[in-house]
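Working notes, beginning with the structure itself.
Just so you know, all these numbers are worked out from the coordinates, no wet-lab data involved. Every value quoted in this text rests on a predicted model; they were computed, and no experiment measured them. Neighbour counts run over all protein chains shown; Cβ positions are idealised from the backbone, glycine included.
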Amino acid sequence: MYLRSPPLCSAPAILPPVTLSLSVDTALQRWHNCISVFAHVFLAEGPGGERDNFLNARAGFASRMARFRQQVSQLYDAAMTHREWSSSVSNSLSLKIRRDFLLQDALENMQQLTKFHYSQVRVKFEGEEGSGPGVNRGFFSSLANELKSSDTSKPVLKQVGVLLSEPGKQPEQSGLFAPCPFLPSHSISPSKLTTIREQRRKYFRAVGRFLGLCFWFRYTIPLMVCRHVAKYLLGRDLAWHDLAFYNADLYEGLRRMLQDVQEEKKSEEDFTNTYCCYFEVYNIQWN
């Protein structure tokens, strides 16, 4: 018995790649068109928006303009949504102040403020008629004058001490104010001292919010702060030379000490006799 093998199937012919049947210029042109179409779809309709992206450079002006219009449309829709939400929320800051307790009421109101951006401020003095820009300007000016006061008979200052002081000793530093350091008395108990410091911290936060409102609503107040305080409020970096505007004597002493160290003009003994200070701490007995 003989078995007949099936006929062998001929293998399919392998066709040459498309690029082999085209010229070099034709293949490069088709590749260029493919990249251009993909870049247009990726940039104008897709997620591609990176500035240094290769496809961004290949997309052309029309694709970048389409992408720009799409982003503007998204921002406009987001702005309209936020505007509709803001219109439904009262963004007016209303302050009710007692004239005789101006400093106390104002700082208490400032402590309750939030980070919401108010569009306007309205100040109303109890027992008095009238409101508007004139009353607002009078309130900000009066509060600034109250902060400069050193009358400790007032409730707030009697409780936590003077908040602002004039640290400058030079004539050109007259009228500049900075946070007054707290110098506790030895007769204050530690628990009461902690409470006073926490209250002072809250009042200083309220003063900062008051100055922020002055910047926000562009009110001019009779209160000039020191250089480093103004730079901190404006978000600028503090520098070594800012100390000269706060305490010229301290800045000059430190500057000379650093200069003597770098130039090595003085011996170690002379340097110690000139700049070194010795302190003696006494035992403090709390009541």
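Below, the figures for the structure above:
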| quantity | calculated |
| --- | --- |
| Extended-chain gain in nm, criterion 0.36 nm per residue less alpha-carbon gap, Met65 and His117 | 15.4 nm |
| In sequence order, calculated HN-Hα J values of segment 134-148 (Karplus, 6.51, -1.76, 1.60; Hz; x Gly/Pro) | x, 5, 5, 5, x, 5, 5, 5, 5, 5, 5, 5, 5, 5, 7 |
| Other-chain or far-sequence residues with amide H under 5 Å of Ser94's (modelled H) | Arg122 |
| 5 angstrom amide H check on Phe125, placed H, neighbours 5+ away | Ile97 |
| Rounded to whole Hz, the Karplus (6.51, -1.76, 1.60) HN-Hα couplings of segment 236-246, x for glycine and proline | 9, 6, 7, 10, 5, 6, 5, 5, 5, 7, 9 |
| Spin-label model distance (nm) - Glu263 vs Asp151, 7 Å beyond Cα toward Cβ | 5.1 |
| At most 12 other Cβ within 10 Å, DSSP loop - chymotrypsin sites (Phe, Trp or Tyr not before Pro), segment 202-264 | Trp240 |
| Hz values of 3J(HN,Hα) by residue in segment 196-207 - Karplus curve (6.51, -1.76, 1.60), Gly and Pro given as x | 5, 5, 5, 5, 5, 4, 5, 5, 5, 5, 5, 5 |
| Fully extended contour minus Cα-Cα distance, from Leu28 to Leu233, at 0.36 nm per residue | 67.8 nm |
| Built amide H within the under 5 Å cut-off of Leu164, gap 5+ | Cys180 |
| Inter-label distance, nm, simple model (7 Å from Cα along the C-beta direction), Leu254/Thr81 | 4.9 |
